[in-house]
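Reviewing the structure listed below.
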Amino acid sequence: MVNYYARRGDMHRARETFEKMCARGIEPTCHVYTNLIHAYAVGRDMEEALCCVRKMKDEGIELSLVTYSILIGGFAKVGNIEAAEQWFEEAKKRDLTLNAIIYGNIIYANCQTFNMDRAEELVREMEEEGIDAPIDIYHTMMDGYTMIGNEEKCLIVFDRLKECGFTTSVVSYGCLMNLYIKIGKVSKAFEVSEMMKLAGIKHNMKTYSILMNGFINLKDWANAFAIFEDVIRDGLKPDVVLYNNIIRAFCGMGNLDRALRIVEEMKKERYMPNSRTFMPIIHAFAKAGEVRRALDVFDMMRRSGCIPSVHTFNALVLGLVEKRQMEKAVQILDDMLLAGVSPNEYTYTTIMHGYASLGDIGKACEYFSKVKNEGLELDIYTYEALLKACCKSGRMQSALVVTKEMSAKSIPRNTFVYNILIDGWARRGDVWEAADLMQQMRQEGVPPDIHTFTSFINACCKAGDMQRAMRAVEEMETVGIKPNLKTYTTLIHGWARASLPEKGLKCFEQMKQSGLKPDKAVYHCLMTSLLSRAAVADQDYIITGIQHVCEEMVESGLTVDMGTAVHWSKCLRKIERTGGDITKSLQKTFPPDWISHRTLNATSNDNENEEGSDSGDDERSSFYEVKKC
C-alpha cells in the first residue's frame, strides 16, 4: 500500500499507511522505508525524505542502492545538485555495486543544472565500470545539450545512440525536434518530423506539442493550427498541454473570445484547466488594456478550482507593463497581498523594466530596494532592469556604479548587459566608451549579437565616425552575423548626418540585395537626406535616386504622414520652385488629404494677404487725410 501511494505521489496517504503499520507492531524494513522515501521524493518534499533516512539510520537499517537512487533522483527534481552528488558519493564509499539506474539519476541531476562536463565524466565512468548505458541515458544527455543549445553535441549523442545498436524511437526524434525548436530552427524540426514518419514512427502528443510550440513562438498561427488538425486526423485525443498551446495561439492572434471558448471545451472533455491555461489569456487582456476582463478571467480561474499563484499575477503585471500602464500594474501588487500572495523578484523586476522603459530611474531604484529589503534574490535580470533605467535616463555614471556592484556580487556581465551599456553610450554619441565596452566583451569571451553591433554602429554614426561604423559591419560579417533592417537604417541615417546621401543610397541597395524589405523608417531617412542634398547641389544621381525611391514607395503602397509631407514640400520649393518631375513623383507618396490640406493653407494665406491689403489701404487713406489737413 505504501508503494502504491508512493507511485501516485500521495505522500500523506503513504505516511498514514506507514503509521498504521507501525501502530500494529509491524517493524518497517528497508524496503518499506524506501517506498515511503519514494513517496516524499515524488511529492518533492525532500526534508521529510531525509527525516525518514535519519530514522532508518537510528534504527540500524542500512540504506540500499535503491534508496540512494531514489534520494539522488528526488534531489535532481528539486534542482539540488550538491545534495544529489553528496548521496552519490556516499553510495560509492559503501562499495555498493552501482547500476545504470543510479548513474542515470545523477547524470539527470547534472543535466538539469546545465553541468554537461560532469555528465560526460559520469558517462565515461560508467563505461570504465563496464556498465552499459540504456537508451534513457542517451535521451537525458540529448535533453541536457538541448537546454544549453549545443546542437553539435546533441547530434553526436543521437549518432552514438544508433551506433550502439539502439532503435531510434519517438522519444529520440522528439529530443531532436525539441533541440531545433529551442534554438529557433523550426524548419529543421519539421525535417526531423518528416524523417521520423519515413522511419515508420508515428507522432505522439509530446512531439505534436513540441512542433506546435515552435510555430507559436514564430507567430506562425496557420501551421500551429495545422498541427492541431493533424492530431485530430491521427485519432489522438488532445491533452491539457495541447489545449494550452492552442489557447496560446489564439491569444497571440488576439482572438481572446475563441481562447475562452477553448477553456469551456476543455471542461466539457473533463480536463481540468491549470494556471498555464489561464496565464496567456490574462496576459493578453492586460496587454490590450482590458483590465476588467483580465480580472474576470481571474475569477473564472478560481471558480475552476485553480488558485491564482504568483506566476498568474505576474502575467497580469507583465501585460500592464507592456501597455505602459504602470499605475495599474502597481495596484496589482496590493491585490496580490490581499489574496495572500507575496510578490517575487520577477514581479518587482517586471515593474522595474516598465519604469526603465519610461526612463524613470527613481521608481526603478525604489523597486530595486524592495527586492533587497524583502530578502529576495538579486539576479542578473534585476540588475539588467536597473541598468536599463540608468542608461535610458542618461545616467551613465550611475550605470557604472551598478556594474561595480554586480562585479562585487560575482554576477558576470552577459551580452544583454553589454548591449544596454553600449546603447546608453551610443545615445550620448560617446564612441570611445562604446568601443571600450566592445573590447571588454572580447576579453571576457562574451559573444556580441546583432543588437550589440547595431548599438555600436549607432555610436559611431552619432560621433560622425563612419569609417569605424563600416569596420564594425565588416566585423559583424566575419563572425557570421548579418545586418538587419535596424542596422541598415542606422547606417543610412549616419551617412545622411555626414551629408553623403550617395553612400546612403549604396547602403540602401545592399540592404535590398540581402533580401530585406525597406520599411517607412528607411524610406523616410533616405528621402529626407536626398532632398536636403538636392536643395544645395544639383546632381543627376540625387534626382534619379529621389525618383527611384518614390517609385518603390508607390509600388509598396506606402504613404507618409502629414508632418513629413509638409517638411518634404518645403524642401521641394528649394529644388523646383514651379513644380516638375520630382514634385509629381514625390506627391504620389503624400497622404490622400494632402490636396485639401494644401488648399486650406493656400486659402488661409490668401485671407492673410487680403487682410494685409485692407490694412494697407487704411494706412494710405489715413496718410492722404493727413496731407489734406
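Residues in the range 315-334 that are within 24 Å of R248 (Cβ to Cβ) and touching a Leu at 6+ places or on another chain (Cβ under 9 Å): 6 in all. Could you go through the range 9-24 and let me know if any residue there is more than 35 Å from the chain's Cα centre (by Cα), surrounded by fewer than 18 Cβ atoms within 10 Å (Cβ to Cβ) and in a loop (DSSP other than H, G, I, E, B). Yes: one or more hits. Of the helices (runs of 4 or more DSSP H) lying entirely inside the range 515-629, those containing at least 3 residues that are within 19 Å of L500 (Cβ to Cβ) and modelled with pLDDT of 50 or more span 520-534, 540-555. Applying the criterion of at least 2 residues that are buried (at least 16 other Cβ atoms within 10 Å of the Cβ), touching a Gly at 6+ places or on another chain (Cβ under 6 Å) and at pLDDT below 90 to the helices (runs of 4 or more DSSP H) found wholly in the range 200-309 leaves 275-287. Number of residues in the range 456-497 that are surrounded by 22 or more Cβ atoms within 10 Å (Cβ to Cβ), closer than 16 Å to I422 by Cα and in contact with a Gly (Cβ under 9 Å, 6 or more places away or on another chain): the value is 6. Entry remark, the range 297-308: residues being farther than 13 Å from A339 by Cβ and over 27 Å from the mean Cα position of the chain (by Cα) number 4 in total. Here the helices (runs of 4 or more DSSP H) wholly within the range 73-140 that include at least 3 residues being buried (at least 22 other Cβ atoms within 10 Å of the Cβ) and at pLDDT 90 or above are 100-112. Selection over the range 57-67 of residues that are in a helix (DSSP H, G or I) and either of a type in the set (D, E, K, R) or modelled with pLDDT under 85 (or both) gives a count of 2.
Among the conditions (1) without any contact (Cβ under 8 Å) to a residue 24 or more places away in the chain; (2) under 20 Å from R427 (Cα atoms); (3) surrounded by 17 or more Cβ atoms within 10 Å (Cβ to Cβ), the only one that C391 does not satisfy is (1).
The values are calculated or read from the model by the stated rules, or taken from the named source; none is laboratory data. Fair warning: this is a prediction, and the values are worked out from it, not measured in the lab. In this analysis, Cβ positions are derived from the backbone assuming ideal geometry, glycine residues included, and neighbour counts consider all displayed protein chains.
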